[in-house]
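> Before we start, here is the structure in question, set down as structure tokens.
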Amino acid sequence: MQISGSNELVEQILKNDLCVACGACVGLCPYFKVYRGKVAMTFPCDLTQGRCYAYCPKTEVDYDNLSQTFYGKPYQGSALGEYRRIAASRAGDKMISGPFQNGGTVSALMTLALKTGMIDAAVLTDSDGLIPVPRLITKEEEVVQCASAKYVASPTLSCVNKGVEEGYDRIGVVGTPCQMTAVAQMKCNLLDKADFKDPIAFTVGLFCTWALDFRTFVDFLSDRLDLSTICSMDIPPPPAEVLIVKTADKDIEIPLSDIRPLVLKGCSVCPDMTAEWADVSVGAYEGKPGWNTLIIRSEKGEVMVDEAVKEGFLIVDELPALNLAHLIQGADGKKRRARENIEKAAAGNDSERNKQPAVTENWKMSSFQ
Amino acid sequence: MTRIADDHKGTSHLLMGNEAIARGALEAGVSVAAGYPGTPSSEIISTLAKVPKEHNLYVEWSTNEKVAMEVAAAASFAGLRSMCVLKQNGVNVAADFLLHLSGSGTRGGIIIVPCDDPGALSSINEGESRHFARLLEIPLLEPGNFQEAKDMTKWAFELSEEIRNLVMVRSVTRLSHASGNVIFGELPKEAPRAFFKHDGFILDPMEGIVVSVPVSYRHGQQHEKLKKSIEIFETSPFNIYTGPDNPELLIITASVCDLYTREAVHILGLQDRVGVLKLGTTWPLPPKLMEKVMGRTDKILIIEEVIPFLEENVKILASELAPKIGIKTFFGKRDGSLPMAGELNPDLIISVLVKIFSMRYESMPSSYAEKAETYALKAAPARDLTFCPGCPHRASFWSIHNVLKMDNQEGFVCGDIGCYSLATLPTGFMSLKTMHSMGSGTGVASGFGKLDQFGMEQPILSVCGDSTFFHSVMPALVNAVHHKSNITVVVLDNSGTAMTGFQPHPGLKVDARGNEAPNIDIQAVCEAIGAKVKTSDPFDFDGTQKALFDLLEDKEGVKVLILKQICALSPEKKEKKMFEMSVNIEECLGQSCGCNRLCTRIFRCPGLVWDKDNQTARIDEAICTGCGVCANICPSGAIKKEEVA
Amino acid sequence: MEKTKLSFDPFNLIITGVGGQGNVMASRVLGNMLSHKGFHITIGETFGASQRGGSVMSHVRVSSASSLSPQIARGQAHMIIALEPIEAIRVLMTYGNPEVNVLCNIRPIHPVGVISGELDYPSLEDAKAYVTELSKSAWFVNATDRAMEQMGNPIFGNIILLGALAGTNLLPLDRDDFKMIIQGDMTQDKVKINLDAYDMGMEMVKG
Ligand SMILES: Cc1cc2nc3c(=O)[nH]c(=O)nc-3n(C[C@H](O)[C@H](O)[C@H](O)COP(=O)(O)OP(=O)(O)OC[C@H]3O[C@@H](n4cnc5c(N)ncnc54)[C@H](O)[C@@H]3O)c2cc1C
Ligand code: SF4
Ligand code: SF4
């Protein structure tokens, strides 16, 4: 895998509009900045290799290397990635309640991780109106302030860089699959630094099919309603096919077909629905509001979940086979679409091919069966 | 050094060309002098402004050149001697009024002193004011040395009174900003009184109304005046021929080119073969004198800078005189002997003469030249212009650049003339994308702002200085507000006309003479015009960037951001450091990923240097002004500032 | 006034440096000192860019007869005073000749291109060697550092160099003239510190 510098990152990713604003490159150096959901490079940097390029989930990602590092074997390309156990879950009685998106599993796990000292800081995503606000928190009670999903792409990982800068060395991170890919690369010492130390202690991935571009989404919504009245948003699991915008006095349903054009272009080539590189991954529970689907992937994840159950922070139940089947179907579907989109672009003329990130080749090689 | 308004009659003083012009005006008994700062003209007004108050003199830095000309004209109408001083661009600004003034005629002696800048040594064009004299149909005088700068200025007032019209005395950078010895004349004793007569016979030039109508009558009169000037010019002591009676080559030249020419002729030892006609009165040309001198030879070389103004006028006369003086061979700009662009110097003239006379000349031994060139190439890296250490503009453009990049909609900045013009270069992060005349940034932005109708969505900014704001931005701002142009105007308010040497302007509480003056508040003006205004200190990056983001997000109408911080060269700041700066080399990330020399590679304040041996940044304490700004850009906080007690 | 003889007439001197080093002031003071001796002085200057990081040059011409071109012709300098070492080399390229003398301050001011890393600044040894090779005689003085140490301000480097110029005896310069000229312009304490700087310069080339 070729690790390049910021100029290549700008050429391959930013200029091709493939950036999903995960925030991995923001705050590493003085050059990458994010404003209103868009990442920009403010001045050129002439280094030929940079962490920005190494961490970015949209440049070429060496899945085999990640899989070897975390699971000790080559990447298989199965729908849900490597895992130990899949279950249903929700926050237990010991967890304070909050405006959870679904079952509050994510918030519960992060709260406990802070409480036990497993992590010394958590990187979460708060919001200010529609705009997601990355936050680096250290107090348990701050976790619920960040509960609920923001369907707009958030440069959350900038706070990982901030946490490292501030000297935290056991950071917990919650993020989408692309963010978990970036975090996995942050944990790998890809640039072979002698003084490297993995600063991340625990990761919770969110299921994700796509995220929205803040700027176009805001323009879209402000044509339809007063932005200041929005309380929260939800995408109920299929077959609903709507985005529900909850305002102070009413719920507004927007068909997903209207929303799709506002999805980030980078999401169309994303093969990961269930955050395959996280310790645990959490999503909605189809047909059972107030519950989550929980994928436990790593040993650390397993220990954490068991502890959470023991401490009354989490309630775990069986996930019905039909739900699992739907989940696999959904995850496979995302992989298939990503592959099609990549191949479509690769089959295009030369200039189109050049617009594809280096990741293309790698995926063709090993990602999909 | 020399006190310009002391009598000292008959003594010699080393004066800058501009000081000589000022002295000439004082010897002529000038009462009113007005101007707008512009290199290389500024020291004329500055020098007069410093003349002690016992001399009853009124001096002002006007808001712009047109107003300056109008202020000077009023004094002339009231019978006083007056002058207007400006750089070449300024004549364009004053042109509308000038055309009317030359038509109406004047009373008290009045001169316009444009200082041109051949080679654009401190301008963004090398425009010419000489052709304005022809356009306005007024006499043009061009001093050729320092003594003449004084003497001709004095004489120009007399000429103006003789013909009752404006006279142009044109200088250039290499005269205005050079110094030489000048023998002083007498200063007048009596103090004139101002009175404007306006109720005499309507067409009476001295007692009627001062207007340019009826046009054909007044225009006819103006030509009578020109004829009179020509007669006077025929015997003017400022037109001097030196050389043999029948030279092989006649050089006709004027202004500082005369000094270059003499140098070249001297170096080549051509004194016996070349005659030089140095003209002081270059328009209209005196035909009898020209006939006599051109009759001496067949070959004529005309030496002047920039446009072939003198050359064309000489050629017109030569063709009219051809039956008497014969047909001449001309060398000059039109045949390519001399360049059309850029300034001249003795070397360029040497090379022309060497060609005409088929001579050989070596200015330095070739082995020496080769060696010197090799060493210079190896060891004298170019020195690009930069904002000064501690300059608020560097900070302002830092924020502007960062905000536009982060905003990520390909926004751009329109600018104009001032120190901040340097923002076309890396020192201002190449932020300026258009740069034209004074105030044009905002006018151009106003136009860009209306292109949304054609699908243009880029954010549009303009920048202007505080002095420029009053000079010519206000009408553009009114235009933008009235037409609902969605633009953001950034006023870089450094409390003075910094580029030209810190002259006061209407935004300050002091006038040219150092008297207290009511200041006009830029923020209040902008608000009254109907713009939304924010003010920030450019040294406060966070506050400035936040303010700019807020304004950019507001998509309605005109926004103004005033960035206030005094120029690093201002007398208040110059002598004292606010902070003692240092770099903690342990913390400096240098070239590694995470910084890659942001401070020296990008921010580039000359006060910070890159220490190659240690691979860290370092403060050059001989240059750093201690503004403290760079401490805020270092990503690892390695640049430390400590307040100076 | 009695005129001293000049070694060359006109005597062409160039003061070169970087904006902000007090180049213009040095040329004015020098010009006035010699004007006071009865010579005709012509000084040609480039300002405008002067404070803005660019190279700044003053051509000072001393003649017993008349005003001269404010720009010296190529190869015609008799003396070069450089407030910055690489500026000496730059000026030598155009105005130097085997007979020229150079008085050079050794404190570098890095051009922005060097600061940014695009260009290289020579080592002091190389710079000195080139200047020496391109001149008849060369004096190197550490004016800026001495000015900072002793006067607390690098700006007095220009006056130190004026003093050093007097010390070379290449031009008829009088300390009393210097004193008189700065007295006309400055407060008493400033006069003192300028005289100190001048004297220090004289010492530096004599030693
Ligand atoms: C963009 C996006 C798309 C999603 N798509 C799907 C989907 O298709 N199918 C599905 O089953 N689930 C999806 N989810 C996950 C789902 O919405 C819930 O986040 C998940 O079920 C966890 O619920 P919870 O109640 O445990 O979360 P909570 O306890 O409410 O915690 C939510 C956590 O998510 C983090 N977060 C919120 N927004 C973002 C963001 N934009 N980027 C990074 N982190 C964020 C917060 O920091 C918070 O810690 C998506 C989430 C996001 C953010
Ligand atoms: S779809 Fe992929 S790229 Fe888009 S936000 Fe989700 S994980 Fe990131
Ligand atoms: S403090 Fe920093 S920015 Fe200010 S003058 Fe010194 S080096 Fe330049």
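The values are calculated or read from the model by the stated rules, or taken from the named source; none is laboratory data. This structure is a prediction, so every number in the text was calculated from the model and none was measured. When we count neighbours, we look across all protein chains shown, and the Cβ atoms used for this are built from the backbone with ideal geometry, even at glycine. The accessibility values were calculated without ligands, DNA or RNA, using every heavy atom of the protein model including side chains. Shrake-Rupley method; radii C 1.70, N 1.55, O 1.52, S 1.80 Å.
> Can you confirm whether segment B:506-514 contains a residue that is surrounded by 15 or more Cβ atoms within 10 Å (Cβ to Cβ) and among the β-branched types (Val, Ile, Thr)? It would help to see each step written out before you state the result.
The first filter runs over segment B:506-514 and keeps only residues surrounded by 15 or more Cβ atoms within 10 Å (Cβ to Cβ), leaving B:506-508, B:511-513.
Of the ones still in play, those that are also among the β-branched types (Val, Ile, Thr) are none.
Within segment B:506-514, none of the residues are surrounded by 15 or more Cβ atoms within 10 Å (Cβ to Cβ) and among the β-branched types (Val, Ile, Thr).
> What pairs can you find where one residue is in segment B:619-640 and within 14 Å of chain C (Cβ to nearest Cβ), the other is within 16 Å of ligand 2 (Cβ to nearest atom) and assigned to a loop (DSSP other than H, G, I, E, B), and their Cβ atoms are less than 6 Å apart, with a gap of 6+ or different chains?
The qualifying pairs do not exist here.
> Restricting attention to segment C:59-73, which residues are buried (at least 24 other Cβ atoms within 10 Å of the Cβ), at the interface with chain B (Cβ under 7 Å from one of its Cβ atoms) and not polar (S, T, N, Q)?
C:Leu68, C:Pro70
> Kindly indicate whether A:Val309 is open to solvent by 30 Å² or more (accessible area, probe 1.4 Å) and modelled with pLDDT of 95 or more. Please lay out each step first, then the result.
On the way: open to solvent by 30 Å² or more (accessible area, probe 1.4 Å): yes; modelled with pLDDT of 95 or more: yes.
Answer is yes for this residue.
> Give me a count of the residues in segment B:406-447 that are charged (D, E, K, R) and surrounded by 20 or more Cβ atoms within 10 Å (Cβ to Cβ).
Step one: list which residues in segment B:406-447 are charged (D, E, K, R), which gives B:407, B:410, B:416, B:433.
Keeping just the survivors that are surrounded by 20 or more Cβ atoms within 10 Å (Cβ to Cβ) gives B:416.
Number of matching residues: 1.
> Pick from segment A:83-107 the residues that are within 7 Å of ligand 1 (Cβ to nearest atom) and touching a Lys or Arg at 6+ places or on another chain (Cβ under 9 Å): which of them is nearest to the other protein chains (Cβ to nearest Cβ)?
The extreme case among them is A:Phe100.
> Determine whether A:Thr216 is open to solvent by 20 Å² or more (accessible area, probe 1.4 Å) and within 16 Å of ligand 2 (Cβ to nearest atom). Let's see the steps before the verdict.
Working: open to solvent by 20 Å² or more (accessible area, probe 1.4 Å): yes; within 16 Å of ligand 2 (Cβ to nearest atom): yes.
It is true that A:Thr216 is open to solvent by 20 Å² or more (accessible area, probe 1.4 Å) and within 16 Å of ligand 2 (Cβ to nearest atom).
> Something else: For the list (1) over 29 Å from B:Gly90 (Cα atoms); (2) more than 11 Å from chain C (Cβ to nearest Cβ); (3) in contact with an Asp or Glu (Cβ under 9 Å, 6 or more places away or on another chain), I need the number of the one condition that B:Ser462 fails.
All conditions are met except number (1).
> Looking only at segment C:81-132, count every residue that is within 20 Å of B:Pro365 (Cα to Cα), assigned to a loop (DSSP other than H, G, I, E, B) and at the interface with chain B (Cβ under 7 Å from one of its Cβ atoms) and tell me the total.
Within segment C:81-132, the first condition is being within 20 Å of B:Pro365 (Cα to Cα), and the residues that meet it are C:88-102, C:129-132.
Pick out the ones that are also assigned to a loop (DSSP other than H, G, I, E, B) and you get C:96-100.
Next, only the ones that are at the interface with chain B (Cβ under 7 Å from one of its Cβ atoms) stay: C:96-98.
Final tally of qualifying residues: 3.
> Are any residues in segment C:132-152 closer than 12 Å to C:Leu103 by Cα and either touching a Cys at 6+ places or on another chain (Cβ under 6 Å) or of a type in the set (S, T, N, Q) (or both), and if so, which ones? Full working, then the answer.
Narrowing segment C:132-152 to residues closer than 12 Å to C:Leu103 by Cα: C:132, C:135-143.
Passing the criteria: C:Thr132, C:Ser135, C:Ser137, C:Phe140, C:Asn142.
Table: residues versus (1) within 14 Å of ligand 3 (Cβ to nearest atom); (2) without any contact (Cβ under 8 Å) to a residue 40 or more places away in the chain; (3) open to solvent by less than 20 Å² (accessible area, probe 1.4 Å); (4) not assigned by TED's automatic domain parsing to the domain that holds B:Pro504.
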{"position": "B:Lys573", "(1), (2), (3), (4)": "yes, no, no, yes"}
{"position": "B:Ile585", "(1), (2), (3), (4)": "no, no, no, yes"}
{"position": "B:Cys593", "(1), (2), (3), (4)": "no, yes, no, yes"}
{"position": "B:Asn596", "(1), (2), (3), (4)": "no, yes, yes, yes"}
{"position": "B:Cys599", "(1), (2), (3), (4)": "yes, no, yes, yes"}
{"position": "B:Phe603", "(1), (2), (3), (4)": "yes, no, yes, yes"}
{"position": "B:Gly607", "(1), (2), (3), (4)": "yes, no, yes, yes"}
{"position": "B:Trp610", "(1), (2), (3), (4)": "yes, yes, no, yes"}
{"position": "B:Asn614", "(1), (2), (3), (4)": "no, yes, no, yes"}
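Quick grid of which residues meet (1) out of contact with any helix residue (DSSP H, G or I) (no Cβ under 6 Å at 6 or more places or on another chain); (2) at pLDDT 95 or above:
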{"site": "B:Asn18", "(1), (2)": "no, yes"}
{"site": "B:Pro40", "(1), (2)": "no, no"}
{"site": "B:Glu60", "(1), (2)": "yes, yes"}
{"site": "B:Val71", "(1), (2)": "yes, yes"}
{"site": "B:Gln88", "(1), (2)": "yes, no"}
{"site": "B:Val91", "(1), (2)": "no, yes"}
{"site": "B:His100", "(1), (2)": "yes, yes"}
{"site": "B:Gly109", "(1), (2)": "no, yes"}
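> Looking at segment A:23-37, which of the residues that are touching a strand residue (DSSP E or B) at 6+ places or on another chain (Cβ under 8 Å) and open to solvent by less than 10 Å² (accessible area, probe 1.4 Å) is farthest from ligand 2 (Cβ to nearest atom)? Full working, then the answer.
Just the residues of segment A:23-37 that are touching a strand residue (DSSP E or B) at 6+ places or on another chain (Cβ under 8 Å), to begin with: A:23, A:25-26, A:31-34, A:36-37.
Among the residues that remain, those that are also open to solvent by less than 10 Å² (accessible area, probe 1.4 Å) are: A:23, A:31-32.
Values: A:Gly23: 11, A:Tyr31: 22, A:Phe32: 17 Å.
Top of the filtered list is A:Tyr31.
> Does A:Thr125 fit the bill of being farther than 30 Å from A:Gly5 by Cβ, surrounded by 21 or more Cβ atoms within 10 Å (Cβ to Cβ) and either within 12 Å of ligand 1 (Cβ to nearest atom) or within 16 Å of the chain's Cα centre (by Cα) (or both)? So that I can check it myself, show each step before the final result.
Numbers: farther than 30 Å from A:Gly5 by Cβ: no; surrounded by 21 or more Cβ atoms within 10 Å (Cβ to Cβ): yes; either within 12 Å of ligand 1 (Cβ to nearest atom) or within 16 Å of the chain's Cα centre (by Cα) (or both): yes.
Judged against the criteria, A:Thr125 is not a match.
> For segment C:130-169, how many residues are aliphatic (A, V, I, L, M) and open to solvent by 50 Å² or more (accessible area, probe 1.4 Å)?
Looking only at segment C:130-169, we keep the residues that are aliphatic (A, V, I, L, M), and these are C:131, C:134, C:138, C:141, C:143, C:147-148, C:151, C:155, C:159-162, C:164-166.
From what's left, open to solvent by 50 Å² or more (accessible area, probe 1.4 Å): C:155.
So the answer is 1.
> Can you tell me how many residues within segment B:252-279 are within 23 Å of the chain's Cα centre (by Cα) and either charged (D, E, K, R) or surrounded by fewer than 24 Cβ atoms within 10 Å (Cβ to Cβ) (or both)?
Matching residues across segment B:252-279 total 1.
> Here are some residues: A:Arg90, A:Arg51, A:Arg36, A:Arg84. Which one is charged (D, E, K, R) and closer than 27 Å to B:Arg597 by Cβ?
Details: A:Arg90 fails: closer than 27 Å to B:Arg597 by Cβ; A:Arg36 fails: closer than 27 Å to B:Arg597 by Cβ; A:Arg84 fails: closer than 27 Å to B:Arg597 by Cβ.
Just one listed residue meets the conditions, A:Arg51.
> Which of the following residues is within 14 Å of chain B (Cβ to nearest Cβ) and of a type outside the set (A, V, I, L, M): A:Pro44, A:Pro74? Can you show your working first?
Numbers: A:Pro74 fails: within 14 Å of chain B (Cβ to nearest Cβ).
One residue alone meets the criteria, A:Pro44.
> With the condition kept exactly as written, say whether any residue in segment B:474-483 is at pLDDT 95 or above and open to solvent by less than 10 Å² (accessible area, probe 1.4 Å). Can you show your working first?
Of the residues in segment B:474-483, the ones at pLDDT 95 or above are B:474-483.
Next, only the ones that are open to solvent by less than 10 Å² (accessible area, probe 1.4 Å) stay: B:477, B:480.
Yes, that holds for at least one residue.
> I've got another one for you. If I filter segment A:162-194 down to residues being more than 15 Å from ligand 1 (Cβ to nearest atom) and polar (S, T, N, Q), which single residue comes out as surrounded by the fewest Cβ atoms within 10 Å (Cβ to Cβ)?
A:Asn189
> Quick test for you: out of B:Ala33, B:Ala5, pick the one residue that is touching a residue at least 60 places away in the same chain (Cβ under 8 Å) and either more than 14 Å from every other protein chain (Cβ to nearest Cβ) or assigned to a loop (DSSP other than H, G, I, E, B) (or both).
Numbers: B:Ala33 fails: touching a residue at least 60 places away in the same chain (Cβ under 8 Å).
The unique qualifying residue is B:Ala5.
> Now for a different question. Condition first: surrounded by 24 or more Cβ atoms within 10 Å (Cβ to Cβ) and under 17 Å from C:Val56 (Cα atoms). Now tell me which residues in segment C:91-111 satisfy that. So that I can check it myself, show each step before the final result.
Within segment C:91-111, the subset surrounded by 24 or more Cβ atoms within 10 Å (Cβ to Cβ) is C:91-92, C:95-96, C:100, C:102-105, C:109, C:111.
Listed by number, the residues that qualify are C:Val91, C:Leu92, C:Tyr95, C:Gly96, C:Val102, C:Leu103, C:Cys104, C:Asn105, C:Ile109, C:Pro111.
> Can I ask one more? Being buried (at least 20 other Cβ atoms within 10 Å of the Cβ) and assigned to a loop (DSSP other than H, G, I, E, B) is the filter; apply it to segment B:623-645 and report the residue that is farthest from ligand 1 (Cβ to nearest atom).
So in segment B:623-645, the residues buried (at least 20 other Cβ atoms within 10 Å of the Cβ) come out as B:623-630, B:634, B:638-639.
Narrowing further to those that are assigned to a loop (DSSP other than H, G, I, E, B): B:623-628, B:634, B:638.
Working: B:Ile623: 47, B:Cys624: 44, B:Thr625: 45, B:Gly626: 44, B:Cys627: 40, B:Gly628: 37, B:Cys634: 30, B:Ala638: 33 Å.
Per the criteria, the residue is B:Ile623.
> Only one of A:Lys115, A:Lys94 is open to solvent by 50 Å² or more (accessible area, probe 1.4 Å), in the same structural domain as A:Ala21 (by TED's automatic domain parsing) and not in a loop (DSSP other than H, G, I, E, B); which? Before you say what the answer is, go through the steps one by one.
Numbers: A:Lys94 fails: not in a loop (DSSP other than H, G, I, E, B).
From the options A:Lys115, A:Lys94, the qualifying one is A:Lys115.
> Among the candidates A:Thr229, A:Thr209, A:Thr203, which residue alone is open to solvent by 60 Å² or more (accessible area, probe 1.4 Å) and either within 13 Å of ligand 1 (Cβ to nearest atom) or within 22 Å of A:Phe100 (Cα to Cα) (or both)? Even if it seems obvious, please write down each step before you answer.
Details: A:Thr229 fails: open to solvent by 60 Å² or more (accessible area, probe 1.4 Å); A:Thr203 fails: open to solvent by 60 Å² or more (accessible area, probe 1.4 Å).
None of the other options fit; the residue is A:Thr209.
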